[in-house]
Amino acid sequence: MKMAETERVTVRLPRDVMEKLQSLVDQGKYANKSDAIRAAIEQFLATEIKPPHVERLTVELPRRNMEKLEELVRAGDYVSIDDAIREAIREYTRMKIRSMIEEYEQLKLVKGQPGGEGPGEGGEEKTGEAEAGKESEPT
């Protein structure tokens with residue numbers, strides 16, 4: 001496999017930052033400090049440079065909501081808080097669309113009835129016999 005073309009960059013970092021990077025390496029999260037720095041830069045760029053079809057939105061949430069979102073991420077339900085919020089918005093949008101479609105279908109049914117009125121609109125509720133022009137005979 002051919003390695004991607006790279007460029008060398010020299011950066012001076014404070015000692016405490018270097019110690020934190022070394023700690024990540026010691027914990028086995030990264031093979032070396034360069035890998036940790038590359039991962040940090042990639043994550044930074046992913047948040048700073050968005051695809052043309054994506055809009056950035058900043059939301060202020062009550063602390064309790066943030067704690068709940070963090071719990072969902074820790075439990076493994078979502079990979080990040082951003083992911084949880086995006087999924088919640090998708091589900092809410094789907095629910096609203098389904099609700100609007102159901103309302104539309106109900107309106108079509110009501111308007112499709114004779115006289116264009118549903119039960120309780122413009123008079124008494126119609127029964128099957130009354131609609132057929134039959135009257136009930138007393139027994």
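Below, the figures for the structure above:
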{"read-out": "Cβ charges +1 (Lys, Arg) and -1 (Asp, Glu), total dipole of the stretch 4-116, debye", "value": "180 debye"}
{"read-out": "Positive-end extreme of charge dipole, the stretch 61-113 - chosen from Ala88, Gly76, Leu107 (charges on Cβ)", "value": "Leu107"}
{"read-out": "Förster radius 22 Å - calculated FRET efficiency between Asp83 and Lys33 (Cβ-Cβ, nearest 0.05)", "value": "0.20"}
{"read-out": "Neighbour-limited loop hits for trypsin sites (Lys or Arg not before Pro), the stretch 10-92 (at most 15 other Cβ within 10 Å; DSSP other than H, G, I, E, B)", "value": "Arg12, Lys29, Arg56"}
{"read-out": "Computed over the stretch 7-59, Cα set: Rg, Dmax in Å", "value": "14.4, 40"}
{"read-out": "Rounded if a/c under 1.5, otherwise prolate or oblate - the stretch 61-113, Cα gyration tensor axes", "value": "prolate"}
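Quick note: the coordinates plus some simple rules give every number you see, no bench work behind them. Source: prediction; values computed, not measured. Glycine also receives a Cβ, built like all others from the backbone with ideal geometry; neighbour counts cover every protein chain displayed.
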